[in-house]
Amino acid sequence: MPHASSRLDLLVAPCDPERLAGEPEARWWSSAVDAGWWSADGALGPARDAVVLGGFARARLEVHPGGRLVANGQGGVATRCPGCGAGLARELGVAVRRWQAGDGREVTCPRCGRVEPAERLDLRPPATLARVWVGLADVADGRLSDAAADSLQALWGAIIVVPRRVG
């Protein structure tokens, strides 16, 4: 019998890269458990279709106080200067490492000198900088439900959904 050679995960993060996990995230996780989205350990709940149509294999609240580039995991992130169009992949990597070391996360274009916060750049495929996010492993559909999106927006404000192909 053939098997899938890869799976699709959805990573949902706040657009604010400085957002840290705390008591609001713990209350939100508990409310998702109460709603039947998943169990306390992230295993499937009876209402998993309310998160992603067709469900998913597991949910996790990922917490990385030092920050991460949340990306597709399949070979890099591209971005261009919004001013002159120059490629900024290398400069983005430098900015991410600086941010993880506790410094700013601004990206400076080597061609025109424009300075932009990394999170305001158009990253392709979709990616973001985050210290906390929700990971939904092996989703049946690549779209987050309106209910789940609304719930996370109530927690974090603006959110970004990053699809990640694994395997």
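Which whole-number percent is the relative contact order of region 78-122 (Cα, under 8 Å, 6+ apart)? Could you put the intermediate results ahead of the total?
Values: 58 pairs, mean separation 16.6, N = 45.
Reported relative contact order: 37 percent.
What is the Cα radius of gyration of region 1-96 over 2.2 N^0.38 Å, N being its residue count? Working shown, then result.
Numbers: Rg = 17.5 Å, N = 96, 2.2 N^0.38 = 12.5 Å.
This ratio for region 1-96 stands at 1.40.
For region 139-167 and region 33-98, compute the distance between their C-alpha centroids and round to whole Å.
About 9 Å separates the Cα centre of region 139-167 from the one of region 33-98.
5 Å is the cut-off here: which amide hydrogens, built 1.01 Å from N in the peptide plane, fall below it relative to residue 62, excluding neighbours closer than 5 in sequence?
133, 134, 135
Pairs of Cα atoms under 8 Å, at least six residues apart: use those to get the relative contact order of the chain, whole percent. Mind dumping the intermediate values first?
Details: 338 pairs, mean separation 70.0, N = 167.
Relative contact order, the chain: 42 percent.
Pop out the ³J(HN,Hα) list for region 130-138 in order, Karplus 6.51 cos²θ - 1.76 cosθ + 1.60 with θ = phi - 60°, rounded to Hz; leave Gly and Pro as x.
Using θ = phi - 60°, the values come out as 7, 10, 8, 7, 9, x, 10, 8, 6 Hz.
In the chain, if the dipole is taken from +1 on Lys/Arg beta carbons and -1 on Asp/Glu beta carbons about the Cα centre, which of 14, 51, 148 is farthest to the positive end?
Projecting each Cα onto the dipole axis, the largest value belongs to 14.
³J(HN,Hα) across region 21-27 via Karplus (A = 6.51, B = -1.76, C = 1.60, θ = phi - 60°), whole Hz, x for Gly/Pro?
Here the 3J(HN,Hα) series is 6, x, 4, x, 5, 5, 5 Hz.
Average the reciprocal distances over every distinct pair of alpha-carbons in region 78-122, invert the result, and give the Kirkwood radius in Å.
Working: mean 1/r = 0.0982 Å⁻¹.
Across region 78-122, the inverse of the average 1/r is 10.2 Å.
Would you grab the residues whose amide H sits under 5 Å from the one on residue 159? Only those 5+ places off in sequence or on another chain, please, with H modelled 1.01 Å from N.
Sorted by chain and number, the residues that satisfy this are 15.
Mind grabbing the base-10 log of I(q)/I(0) for the chain at q = 0.09, 0.13 Å⁻¹? Debye formula, identical points on the C-alpha positions, no solvent, two decimal places.
With no solvent term, the Cα-only Debye profile gives -0.33, -0.66.
Long-range amide H contacts for residue 138: which residues qualify at under 5 Å (H placed 1.01 Å from N, peptide plane, sequence gap of 5 or more or a different chain)?
8, 9, 10, 57
Every number in this text was worked out from the coordinates using simple rules, so none of it is lab data. Just so we're clear, the structure is a prediction, and the values are computed from it rather than from any experiment. Because the Cβ atoms are built from the backbone with ideal geometry, glycine has one as well, and the counts that use them run over all protein chains shown.
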